[in-house]
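Rule-based calculations on the coordinates, nothing more; no lab input. Since we're looking at a predicted model, the values are computed, not measured. Here the Cβ is made from the backbone with ideal geometry for all residues, glycine too, and neighbour counts use every protein chain on show.
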Amino acid sequence: MGKKKVVALAAIAALLSVTSACGSDDDDPSTSGGPEKADMVMWLNGADTPQEARDWLKKTFEDEHPGSTLTIEEQEWDGLVERLTTALSSEDQTPDVVEVGNTQAPTFTTAGAFSDLTGDLDEWGGDDLLPGFVDGATVDDKTYAVPYYAGSTYVFYRKDLFEKSGLEVPTTMEDFIAAAKTLKADNPDPDFSGYWLPGQDWRDGAAFLWDAGGDFAAADGDSWSGTLSTPESIAGLTTFQDLFEQASGAPADANESDPVTPFCAGNIGMMSRPGWVMGLLTDPDAGCPDLAKKVGVFALPGSDGGPAPVLLGGSDIAVSAKTENQDLARDVVGLMLSDDYQGILADAGLTPARESLSSLLGDDEFAQATIEAASNAKLTPAAANWATVEGTRILEDLFGQIAQGGDVTQLAGDADDRISETLQ
């Protein structure tokens, strides 16, 4: 077992021992209260949240709470589980409000790292809140995190390069793979990707795994075990390897975190990204608006001709159980679920946290692709320790080694052993 894995597991175990039973104690101080004024700290992850939303949140909160401040600190997704585990265990270090990936939320919810928000749900939207996200953060009928936004990925493609290669928008997985290879062959620069697929990009790789009928893990009674070595999973992982070798020019040791740089360099024909990436491409200060004008989108097609089962990405928002500023933290969350704030997210291509606001996405090709991709989207296994699987980079290691030409069957078996051990 690697040193990084030992540290991560030990840290989460410590968090579990300190904050046991999800705040089930009747005397739990995390349910409400705190000072009327405070300097609040919130963690947001990556570039997903547009600057307009951040500015609105800070100004609105401070206007409504004279004497209080709100500092938004941006965190990288890579290594987030370990940083959250450390920070949420300490009253001195904890942020007041945190964004956490929807696939990571069950682990921290089970560990008792978040405050019980059940009593606030009706005020924030109740049954209108994305149900899958609420369910993933609910233990023993108590909810400890609420949805922030959702975003299934769809395929961005260069219309001009499609036309140059004589390609039509693919309608099946077979056609998609063929188009990716054609684009790569017609653009022989070694850095060019017919389909941009960094080697460690397991989140987009999941679509090929699921399309073939495979999965990462499955429950057997009360226990979970890895299922990457089933014949179906091997077929999906082999497709990933084939695409990387024959259609991608991305590095084998890279993840999906920065699509803008290679796209703006003209090195991408197709890429699977969430809708908010379009905002980055059209940003006059950091993107490439002229090149972005040549972009079209479509839902990744599956082998059956319908949308492929892509990862339903997105985030939850939670209040740290360790913060003394419980009421103010809840006020921050309430603002983030408001029509005004969620409208800003929708304008940036993020699916709102409340189902009734989905119309804010519009009716253009981007909105249609978002809705179609979400129609067959899937979540990662609902195991309590799934965040530990992600945090210890088991999947990055697996997909990265597959991209480097490793033996798929052997690597999948090794990953199953690690996943099964982690999920116990």
Which helices count as membrane-span-like in the chain under these terms: full DSSP H, at least 18 Å along the axis by C-alpha, Kyte-Doolittle mean of 1.0 or more?
-> 3-18
Point-to-point label distance, residue 62-residue 93, nm (Cα→Cβ direction, 7 Å offset) = 2.8
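With +1 on each Lys and Arg Cβ and -1 on each Asp and Glu Cβ, how big is the dipole of region 275-424 about its Cα centre, in debye rounded to the nearest 20? Walk me through the numbers before you get to the answer.
On the way: 8 positive and 24 negative charges, 15 e Å.
So the dipole magnitude of region 275-424 works out to roughly 80 debye.
Please report 210, 202 as a ranked list, fewest other C-beta atoms within 10 angstrom at the top and most at the bottom.
Numbers: 210 22, 202 25.
Least crowded to most crowded, the residues run 210, 202.
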With the Cα gyration tensor of the chain in hand, convert its eigenvalues to equivalent ellipsoid semi-axes via √(5λ) and list them largest first in whole Å.
-> 36, 26, 18
Using the charge dipole of the chain (Lys, Arg: +1 at Cβ; Asp, Glu: -1 at Cβ; taken about the Cα centre), state which of 261, 424, 66 has its Cα farthest towards the positive end.
-> 261
Computed about the Cα centre, the charge dipole of the chain from +1 Lys/Arg and -1 Asp/Glu charges at the Cβ has a magnitude in debye, to the nearest 20, of 1160
dims of region 282-424, Cα set, principal axes, largest to smallest, nearest Å -> 50, 50, 34
